[in-house]
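See structure below.
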Amino acid sequence: MTTEVKHITEYPVYAKVLIGLLVLTTFTILVPWLDLTAFTALIALVLASTKAGIVMTYFMHLKVEYILLKILVIMVLAIYVSVIILTFSDYIFR
Amino acid sequence: MTGNTNLHEEPSYLIDTGKRKGIMAWLTTTDHKRIGLLYLWSIMVFFIVGGILGETMRTELFKPGQQFYGPQTYNAIFTLHGLIMIFLIVIPGLSVVFGNFVMPIMIGANDVAFPRLNLFAWYLYILGAAVVVISQFTGNGPPDTGWTFYAPYSTQTHTNVIAAVSGAFILGFSSILTGINFIVTIHRLRTPGMGFFKMPLLPWAIYATAWIQVLATPVIGITLLMIIAERMFHIGFFDPALGGDPVLYQHLFWIYSHPAVYIMILPAMGVITEIIPTFCQKQIYGYKAIAISSLAIAGVGYFVWGHHMFTSGMSKEAIWTFSLLTFLVAVPSAIKVFNWVATMYKGSIDLKPPLLYAIAFIFLFSIGGLTGLIQGALATDIQVHDTSFVVAHFHYIIFGGVGFAFLGAIHYWYPKMFGRMYNIRVANVAWGFLFIGFNLLYFPQFIIGIEGMPRRYFDYLPQFTWAQQISTIGGYILGIGFIILIVNLFRKNGAKATSNPWGGKTFEWQLPSPPPMENFATPPAVPDNPYDYD
């Protein structure tokens with residue numbers, strides 16, 4: 001039902017993505033040492049989500065995929081974010 | 001649906017034409033129709049086991065006190081009954097059998113997108129089922145937690161929880177793989193010219209279901225692994241003694257298990273949507289509303305899990321939010337019910353067995369849905385929580401809904417699957433036994449539930465005896481109905497089925513009965529309206 005999209009990503013882009021991921025991983029390791037109390041988990045989740053987003057965008061070629069697939073991925077992320085907010089709001093109000 | 005379906009001259013898919021013959025041909029098949037039947041046979045065997053377990057529970061409950069087995073055995077049996085019925089039958093059920101058999105044909109495809117993955121998913125299903133069965137006979141005895149594996153009890157009981165949880169984990173993988181397969185199939189293999197809004201409504205329902213399978217099932221997988229981690233390594237996820245939170249388990253469990261109810265019911269609604277226009281010879285009322293309501297149910301259904309937890313100690317704010325969201329999910333469900341009834345209005349109604357099951361579905365599902373609102377409302381839920389009222393509501397939705405839709409689907413597509421007819425009169429009699437037996441079995445549970453009969457109790461007070469006895473008699477009538485139904489479907493002297501015995505319009509009715517191995521020689525032509533009866 002769809003036409004194939006051919007796209008070649010340059011090696012320097014992959015290299016930059018790799019460096020970005022390594023930097024974020026370093027932050028992930030450092031965050032627990034900073035003792036940010038309740039924010040530690042939140043920052044760790046944001047960092048992990050950012051890394052996952054970068055992997056999906058470049059290594060899994062989401063950047064060059066057709067629009068429907070991007071919408072589906074955004075929809076999935078929206079559901080997961082909503083589920084996490086609903087769950088943890090219970091803990092905040094309890 | 002009219003148009004040139006460009007038939008093959010090939011023999012039926014039931015005839016072995018490859019290198020392998022007999023059982024080996026079936027066990028190595030990648031044909032979607034054969035895999036659908038592999039699931040059908042497996043589910044039927046498990047259903048007989050689960051049904052017998054249910055009948056023994058009803059017999060035990062015929063009178064107060066112990067009849068022929070003790071409370072620990074009773075706990076183990078209702079756990080196994082729940083595990084089999086939920087994880088092996090109704091969650092995969094309609095989706096794997098009819099999603100496999102008819103969905104690819106309905107969208108004009110020759111198979112699913114990943115045929116080998118499809119067969120692998122069936123093997124995972126069998127492996128998961130085997131592990132669940134093994135859990136009953138190994139370790140320190142069968143699990144006694146109920147199918148929900150609620151923590152912290154499931155992390156502390158000495159019974160064989162780890163094996164049962166591992167079985168459920170493997171079954172989850174099977175479900176995810178099937179979901180991915182169906183999503184890709186519907187996106188990539190629709191016949192040219194078939195846009196989403198030219199697709200029949202069963203594939204729409206299967207599509208919405210597949211998304212839930214892919215997105216929700218990993219949550220239960222992780223949750224079950226957390227139980228194993230807590231039991232084996234004493235990591236404090238759920239046990240307060242280890243610093244955990246039992247309410248977190250309930251959140252995680254129901255984040256999957258409430259959407260799982262829609263994994264069960266959405267394909268059932270898709271089946272009903274196919275049966276009604278055929279036996280009313282009338283275009284479906286509100287095609288787009290039904291299609292979009294499937295997605296709406298799948299979407300909103302993610303956010304209502306907390307209604308299983310109103311008495312768990314959740315915050316008031318969370319309770320109010322989940323109650324509101326629960327009432328919202330009733331809207332798309334009601335849209336479907338109104339559209340089915342509107343389709344029947346002034347239709348040329350032909351009361352054949354599939355339509356009888358469809359009408360029973362609407363009646364029973366409506367009772368189940370309306371009693372669900374009683375539990376969605378905060379004040380009344382406190383009264384009926386953990387009583388047999390919940391048992392009745394649940395069975396009206398799952399058995400009265402999914403179960404009757406499954407039976408309707410079998411009676412609808414049976415001629416297509418096997419190329420022969422069943423005895424219509426006997427099928428009607430079986431339906432009568434099932435409908436009467438079902439209501440006798442479960443309706444009294446509503447009444448004694450409101451009066452305070454707890455669920456999952458081995459014994460009860462004498463004032464509940466009358467209702468328990470009616471339920472047990474209903475259970476036996478239900479069992480007789482199933483025996484009649486199975487004998488009728490297994491008799492081999494049925495008349496040969498024509499390609500379109502019911503006058504259906506979707507693609508499968510244009511193929512011979514049974515269909516050839518490769519469904520279409522060339523892509524079929526797509527009409528503007530998949531239900532063009534007018």
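What are the residues in segment B:179-197 that are within 10 Å of another protein chain (Cβ to nearest Cβ), open to solvent by 10 Å² or more (accessible area, probe 1.4 Å) and of a type in the set (A, V, I, L, M, F, W, C), if any?
If the condition is that a residue be within 10 Å of another protein chain (Cβ to nearest Cβ), open to solvent by 10 Å² or more (accessible area, probe 1.4 Å) and of a type in the set (A, V, I, L, M, F, W, C), then B:I183, B:L189, B:F196 are the ones that fit.
Quick one: is B:I265 open to solvent by less than 10 Å² (accessible area, probe 1.4 Å) and either under 27 Å from B:I410 (Cα atoms) or without any contact (Cβ under 8 Å) to a residue 40 or more places away in the chain (or both)?
yes
Evaluate segment B:185-203: report whether one residue or more is in contact with a helix residue (DSSP H, G or I) (Cβ under 9 Å, 6 or more places away or on another chain) and within 16 Å of B:I91 (Cβ to Cβ).
No: segment B:185-203 contains no residue that is in contact with a helix residue (DSSP H, G or I) (Cβ under 9 Å, 6 or more places away or on another chain) and within 16 Å of B:I91 (Cβ to Cβ).
Is at least one residue of segment B:216-230 among the charged types (D, E, K, R), at pLDDT 90 or above and open to solvent by 10 Å² or more (accessible area, probe 1.4 Å)?
Among the residues of segment B:216-230, not one is among the charged types (D, E, K, R), at pLDDT 90 or above and open to solvent by 10 Å² or more (accessible area, probe 1.4 Å), which makes the answer no.
Can you name the helices (runs of 4 or more DSSP H) wholly within segment B:51-160 that have at least 1 residues being under 30 Å from B:P527 (Cβ atoms)?
Those helices (runs of 4 or more DSSP H) span B:93-101, B:103-106, B:115-137.
Filter segment B:418-477 for residues that are closer than 27 Å to B:G70 by Cβ and of a type in the set (S, T, N, Q); which is surrounded by the most Cβ atoms within 10 Å (Cβ to Cβ)?
Restricting to residues being closer than 27 Å to B:G70 by Cβ and of a type in the set (S, T, N, Q), the top hit is B:Q445.
Taking segment A:53-67 on its own, how many of its residues are open to solvent by less than 70 Å² (accessible area, probe 1.4 Å) and within 14 Å of another protein chain (Cβ to nearest Cβ)?
2
Just one of A:L24, A:L30, A:L72, A:L42 is out of contact with any helix residue (DSSP H, G or I) (no Cβ under 6 Å at 6 or more places or on another chain) and open to solvent by less than 60 Å² (accessible area, probe 1.4 Å); which is it?
A:L72
Hey, could you check segment A:79-94 for residues that are more than 17 Å from the chain's Cα centre (by Cα) and open to solvent by 80 Å² or more (accessible area, probe 1.4 Å) and say which is farthest from the other protein chains (Cβ to nearest Cβ)?
The extreme case among them is A:F88.
Looking only at residues that are within 12 Å of another protein chain (Cβ to nearest Cβ) and among the aliphatic types (A, V, I, L, M) in segment B:211-229, which one is nearest to B:N160 (Cα to Cα)?
In this case the residue turns out to be B:V219.
Let me confirm something: among B:A467, B:A430, B:A495, which residue is modelled with pLDDT under 95 and of a type in the set (A, V, I, L, M)?
Sole residue among the options that is modelled with pLDDT under 95 and of a type in the set (A, V, I, L, M): B:A495.
The values are calculated or read from the model by the stated rules, or taken from the named source; none is laboratory data. Note that this is a predicted model, so its numbers are computed, not measured. Please note: Cβ atoms are built from the backbone with ideal geometry, for glycine as well, and neighbour counts cover all protein chains shown. Surface accessibility is based on the protein's heavy atoms, side chains included, excluding ligands, DNA and RNA. Shrake-Rupley method; radii C 1.70, N 1.55, O 1.52, S 1.80 Å.
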